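Single-structure report; data block below.
Please treat every number below as a calculation from the coordinates, not as lab data. Just so you know, these numbers come straight off a predicted model, no measurement behind them. Don't worry about glycine lacking a Cβ; one is built from the backbone with ideal geometry, like all the others, and counts go over all protein chains shown.
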Amino acid sequence: MAVTKTNFINYSRCPRYVALSDLKKDKLDSIVTLEEYLKEEEEEHIKELLCSMYDEDNNDLIDVKNEHLETMLPYYNKVELLAGFLAPKYFKGTFKYSAKTLSQESFDFKINGIRYLCYVDIYNEIDDNFNIIEVKATTTNKYLKIGKTIRDDLGNKKVNSIFKKGNDGIYYLLEDLNININDYMEEDKYYGYRQKLFNKLDPAGHYIYDLAIQRYIIENDLKQNNMNSKINNIKYYLAVLNADYIFDGKYEFDEPVYDTDRFGNDIICYFDMTSITKEYLDIIETSRKKVEMYIRNLKIDKYPIGDFCENKKTTVCKFKQICWEHIPKNNSIFNYIDSHHGFKDENGVKYDTFSLVNKGIVKMEDMPNNYLNRKKNIIQKESLINKTYVNKQKIVDGIKQITYPIYHLDFETFPCPLPRYKGEKCYTQSVFQFSLHIEKEPNKCDKYKDHYEFLAYNHNDLREELVKKLCEYIDTESGGTVLVYNDAFEKTRLKELAEIFPNYKDKLLKIKNMIFDLMNITKTKSSLYENLGYDKEEAKMFNYYHKDQSGSFSIKKFLPLFSNLTYKGMEIGNGVEAMIAYATFPKLNKREFKHKYQKLIEYCRQDTWAMYEVLKGLKKEVDYHD
Ligand code: SF4
């Protein structure tokens, strides 16, 4: 089994990874077929998709089994095909691509008894020149958002990116475009932002690292085959989804057709990463030597954990359960709020969280008091001895903002990599379900009788049906509150739907304006409490903290605190599972579909019922009577 690109990335994490991998040293110079290679990459592709679909810190991702996530793989393959299909518009010559035709170009070289191998997503040949194009199911935002944030003439925030489109429609680093960088940002700042591309643990840097490994293997292959002269004739590109592309709703044989949109955007954009990957080659050479040393001296002993384990990321190391065994799931020092900033002692000496863990300070209670200089962290530690923190007055003042009837609302969405319906973009959070509990009077709501819902029953465009129902159920004329948990999500969805369905625009925007975030009460919201007369410090401090929250303010943590309900044991118990269940609809037989449909309704109902229970519990806690 040769060292592939994926292996290389993992083997360079730490010596223990190599020792724990069941690698056969004597097979390290063997060839890997494209089928084997693709199988190995599959898992990486799924992670890549999920990383773009959800925030990195989405714990739900970690618990979802890979076999379920495989539902997403066809979308990845389609992105690769689209990138290959569109490439001739931007590059001349001949192309080799597509996993389906098993015709991808491969490169390999052997050193110290180890073969390094890679296959190329799109291989483009123009006379004596070559282009290597790696396809990633991420979006242009990952690169175009790196740069200086400025305000436009209307006062809206925008980013002056370190990348800019050239006349050929391909994106380049400013330095590669022969333009004055100072016209876009101060040059020293530009080089500062650009540094992000060299951080392999950053999602943007990760893909550059991946492409640089590719380049390293290709160049060494050419050197070993006496084709050094070719090295300077190769350019390296990333092909990613265009975040600005808007699907116009054209279908052929029931499949979306991704023609150029009405603003002239193609669904795929290409980024020239030739100069940046060149700079990376020395780093890859050092990593290769390190990997070989790890392979030669297999060391299975405990290794100090670090950010390279990529905890809580989709790229988390597969051996985390072994190496992190001593870290409790709840109330470890990682669960201290803002622990990623590290800790300082009374002399201002800073300690990185990993260094403390590796010194044996693992649980929250292990942390010396003099290392805790954030008030939130002090409260967290105190909560361990059954001292729940409650700011009664702030909670009461928060509850007073809520008027009746209360519409407890929650959306479930499918952030599809490729837009499915008119008006959608890549990774649009396409709403397929809502749950609504209507609490007409304080504490008067029946879990079943006062529950309203809509759940798409197939993958057709049912958004209008959903919007119609939502507008029917919520009476925007008689006042009241639309209560959600984490309002940015629901507000953005309502705004998007209002743009897509002009007939419902006014009503949807009214619903949006009725939104109040229950998290303003459980956690806090600085601007709200400052407006209510609290000073800055108190306004930004959380309102409630119990040790079972373990540093989190999610509704799933609050529900068991205020009721005997829990998400544990539910067949669909989190948003990612709900999305996967919906994604599998077309594959299910009638019986399976009925079952999944029911489970999805139960899950979503639980989410809005949880808000009702938590609000009721909070009122009881602070002795509030409407
Ligand atoms: S979990 Fe961390 S320390 Fe353990 S093998 Fe993986 S990267 Fe290395």
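A Cβ-based charge dipole, computed about the Cα centre of the stretch 392-621 with Lys and Arg at +1 and Asp and Glu at -1, lands at about 380 debye. Shown in residue order for the stretch 432-448 are the 3J(HN,Hα) couplings computed by the Karplus curve 6.51 cos²θ - 1.76 cosθ + 1.60 at θ = phi - 60°: 10, 8, 9, 10, 9, 10, 9, 9, 5, 10, x, 6, 10, 7, 9, 3, 9 Hz (x for Gly and Pro). Taken about its Cα centre, the chain carries a charge dipole of about 1320 debye when Lys and Arg each add +1 at the Cβ and Asp and Glu each add -1 at the Cβ.
Using only the C-alpha atoms, the convex hull of the stretch 392-621 corresponds to 138 Å³ per residue. With contacts taken as Cα pairs under 8 Å and at least 6 residues apart, the chain reaches a relative contact order of 13 percent. Label reach from S275 (point 7 Å along Cα→C-beta): in the stretch 159-176, amide nitrogens under 16 Å belong to 161-168, 170-176. Placing dummy labels 7 Å off each Cα toward the beta-carbon, the span from I234 to S554 is 4.2 nm. If both residues of a DSSP beta bridge must be in the chain, then about 75% of such bridges are antiparallel. Extension gain for N178 to K148 (0.36 nm times residue separation, less C-alpha to C-alpha distance): 8.9 nm. A simple spin-label model places the labels of V257 and N226 5.2 nm from each other, with each point 7 Å out along Cα-to-Cβ. Applying 1/(1 + (r/R0)^6) with r as the Cβ-Cβ distance of N503 and N458 and R0 = 30 angstrom yields a FRET efficiency of 0.85.
Could you put S103, S554 in order, starting from the residue whose Cβ has the fewest other Cβ atoms within 10 Å?
Listed from fewest to most nearby Cβ atoms, that is S103, S554.
Sorting 293-304, 462-473 by their mean Cβ neighbour count within 10 Å, with the most densely packed peptide first, gives 462-473, 293-304. Computed from the Cβ-Cβ distance with R0 of 41 Å, the FRET efficiency linking E465 to K89 stands at 0.65. Phi angles across the stretch 313-324 convert, under the Karplus curve 6.51 cos²θ - 1.76 cosθ + 1.60 with θ = phi - 60°, into 3J(HN,Hα) values of 10, 5, 8, 3, 5, 6, 9, 4, 4, 6, 6, 9 Hz, Gly and Pro given as x. Considering only alpha-carbon pairs that sit under 8 angstrom and 6 or more positions apart, the relative contact order computed for the stretch 392-621 is 23 percent. Computed from the C-beta positions of D366 and D345 and an R0 of 22 Å, the FRET efficiency is 0.90 to the nearest 0.05. Between E125 and E537, residue separation times 0.36 nm minus the direct Cα-Cα distance comes to 142.2 nm.
In this structure the amide hydrogen of I268, modeled in the peptide plane, comes within under 5 Å of the amide hydrogens of N242, none closer than 5 places in sequence on its chain. Annotation: extensible slack from V316 through K158 equals 53.7 nm (criterion: 0.36 nm per residue apart, minus Cα-Cα distance).
Divide the volume of the convex hull around the Cα atoms of the chain by the residue count and you get 189 Å³ per residue. Residues whose amide H comes within less than 5 Å of that of M541, counting only those at least five positions distant or on another chain, are absent (H built at 1.01 Å from N in the peptide plane). The residue among L409, T388, N335 whose Cα reaches farthest toward the positive pole of the charge dipole of the stretch 285-443, with charges on the beta-carbon of Lys, Arg, Asp and Glu, is N335. Roughly how many Å is it from the Cα centre of the stretch 426-459 to that of the stretch 204-276, as a whole number? What the calculation gives is 41 Å, centre to centre. Counting beta carbons within 10 Å around each of D108, D121, D410 and listing the fewest first gives the order D108, D121, D410. Excluding same-chain neighbours fewer than eight residues apart, the aspartates and glutamates reachable from K536 by a Cα-Cα span under 20 Å are D338, D397, D517.
Straight-distance candidates among the lysines for linking to K148, with alpha-carbon spacing under 24 Å and chain neighbours fewer than 8 residues away dropped: K157, K158, K164, K165, K189, K196, K200. Structure note, pairs K444/K525; K27/K136; K312/K350; K440/K512; K89/K136; K523/K616: Cα-Cα distances above 21 angstrom occur for K444/K525; K27/K136; K312/K350. Using the average count of surrounding beta-carbon atoms within 10 Å as a protection proxy, the listed peptides 218-225, 330-337 rank, highest first, as 330-337, 218-225. Each part gets one Cα centre, and for the stretch 1-56 versus the stretch 95-167 those centres are 19 Å apart. Spacing of the modelled spin labels on K440 and K290, each 7 Å from Cα toward Cβ, amounts to 6.5 nm.
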